[in-house]
Amino acid sequence: MATSNRQSCLKYLLHLAQDNLDFRLPEIKSLLALRGKPFHYSGNFQEKTPFWCLDGLSEEDVRGVMARSVCAKSAFELWGHGKTHSELKTSLLKYPTENMSPFMRKDSTYRINVYTFNKTLEFEDRIKRIDSMDYLPFEGTVNLKSPQHIFCLLEDYGTDPNDIPEHPNYIYFGRWIADGQRELIRSHSVKNRHFIGNTSMDAGLSFIMANHAKVNKNDLVFDPFVGTGSLLVACSHFRAYVCGTDIDYNTIHGRGRSSRKNKTWRGPDENIRANLRQYGTEDMYIDVMVSDASKHVWREAALFDAIITDPPYGIRESTRRTGSHKDVIKPQDAIYEESHVPVTQAYHLSDIFTDLLNFSAHHLVLGGRLVYWLPVYRPEYCVEMVPLNPCLRIISNCEQTLSSHTSRRLITMEKIKNPEELDSLAYLAGPRFSPYQGHNAFREKYFSGVNKRSGKEDNKAAVNGE
């Protein structure tokens, strides 16, 4: 009973990395949802700051989140906080002694770290801050190398590197609980990956997408535009079974020209399976196959716990699907010769996302999530441009800026209904998509912006006498 009362009054401090700011809150919310916990903040919540104070959680919940998060650096049991060191002292002295005592016994060892955000302190100043906390009843022995308990004094000097205040804006003190998984960004970097392509997804973003999708152990995850399998690598790390399709035969089979510098052709063992083998998750690999996303090969059933993908935008990778505008005479009984290569045609962005949402509505399990990237032209973007489907609800919409005029948005959707539950007319209305995207306008506007910056449009106007 005492433990239950102690847990109910605890608050936890998350220290977050100051990159991918838009993605942090959806990631933490998704990881808490995996544990059946809501996101409850304490005090005045400011999403863009590096420190968040949460309540309503247990230490086990916090450890579970930190075992997955690549947006959070560390988590602490918050003992005290204030705008000044005097306020911090008052707050710490009010903290229940019964919560402190298990970590301050004579037979324990401990260490106190000082961390400052947006400011560097000299070693002597750090020692002074530690010495000034002699009012805390530590009875154990200091051990700097391998202590049983680690405590941290954290000072927040704001987020503007050009306007660093003399004194911190806020100060926190707490017991360290766990670090996040930032190391995965380095260990899974595409620079050191066995098989890569021109558009292989960044490791950090791949893990963020897997977390947004709530990928869990033994889930079945599908990527309909699998490419070199970066998203499969991230999902398999969390022990999900992974599979995918792509229309590019050479990419699926690891053939053709290499994307690496000073290397002309891909090697014999450059493929997606080899990537999973590199990270010790080959046992989670089901398979990948050459297939057209607009003409899927799956039986009509809710098969996948998550669909995670990065569709081609027509910039570095072409948007193609099988088919032709011409009249094509099919062989008798649809039997093709072994050397047959299907004709392809343009696959506009509007059609890509319409097909993707319809496929997800039919093939995700209830509660399953679709996570995908949506390219946008920033000057004309509005939330109404995000495609919708009556079977899916939007969970989050995060922006990654690519240039002054273009960005891509990470859209997370969750299946809330089966298509057969809907009125036929409502479903036939299908997902909504901005009309200008129907003509692949993102690609046109992207290159229009590039030409403007390089002066090509001005040169063209001069030639035409405009």
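The values are calculated or read from the model by the stated rules, or taken from the named source; none is laboratory data. Quick caveat, the model's predicted, so the values are computed rather than measured. Here Cβ is always computed from backbone atoms with ideal geometry, including for glycine, and neighbour counts include all displayed protein chains. SASA here: full protein model, heavy atoms, side chains in, ligands and nucleic acids out. Shrake-Rupley method; radii C 1.70, N 1.55, O 1.52, S 1.80 Å.
When the convex hull of its Cα atoms is viewed from all sides, region 54-125 shows a mean projected area of 7.2 nm². Ignoring everything but the protein chains, give the 1.4 Å probe accessible area of HIS296 in square angstrom, nearest 10. Accessible area of HIS296: about 80 Å². How high is the relative contact order of region 231-300, in percent, with contacts defined as C-alpha pairs under 8 Å that are six or more residues apart? Dividing the mean separation by the residue count of region 231-300 yields 42 percent. Pairs of Cα atoms in region 8-116 fall into 5 Å distance bins, from 0 up to the last occupied one, in shares of 2, 10, 19, 23, 19, 14, 9, 2, 0 percent. Legend: Rg and Dmax of region 370-424, from Cα coordinates, 13.4, 43 Å. Projecting the alpha carbon convex hull of region 195-300 along each direction and taking the average yields 7.0 nm².
Residues ASP202, ASP305 ordered from highest to lowest accessible area at a 1.4 Å probe: ASP202, ASP305. Quote the FRET efficiency, to the nearest 0.05, computed for GLU384 versus ASP22 with a Förster distance R0 of 22 Å and r equal to the Cβ-Cβ distance. Efficiency, from the Cβ-Cβ distance: 0.70. Solvent-accessible surface (1.4 Å probe) assigned to LYS73 amounts to roughly 80 Å². Legend: residues ARG182, ARG255, sorted from most to least accessible area (1.4 Å probe; ligands, DNA and RNA excluded), read ARG255, ARG182.
In the structure shown, the pairs LYS83/LYS119; LYS48/LYS145; LYS29/LYS83; LYS11/LYS415; LYS11/LYS217 are assessed against 24 Å; a Cα-Cα span above that value is assigned to LYS48/LYS145; LYS29/LYS83; LYS11/LYS415; LYS11/LYS217. If you take all C-alpha pairs in region 44-184, what percent of them are over 22 Å apart? Counting pairs separated by more than 22 Å, the tail of P(r) holds 42 percent. Net length available on complete extension from VAL142 to HIS40 is 33.3 nm, with 0.36 nm assigned per residue and the Cα-Cα distance removed.
May I ask for the net charge around PHE138, where only other residues with Cβ less than 14 Å from the Cβ of PHE138 are counted and Lys, Arg are +1 while Asp, Glu are -1? Its environment carries a net charge of 0.
Straight-line cross-link partners of LYS106 among the aspartates and glutamates, defined as a Cα under 12 Å from its Cα and at least 8 positions apart when in the same chain: GLU139. Dimensions of region 137-223 along the principal axes, based on C-alpha atoms and rounded to the nearest Å, stand at 53, 38, 26, largest first. Using protein chains only and a probe of 1.4 angstrom, how many square angstrom of ARG63 are accessible, to the nearest 10? For ARG63, solvent-accessible area is about 110 Å².
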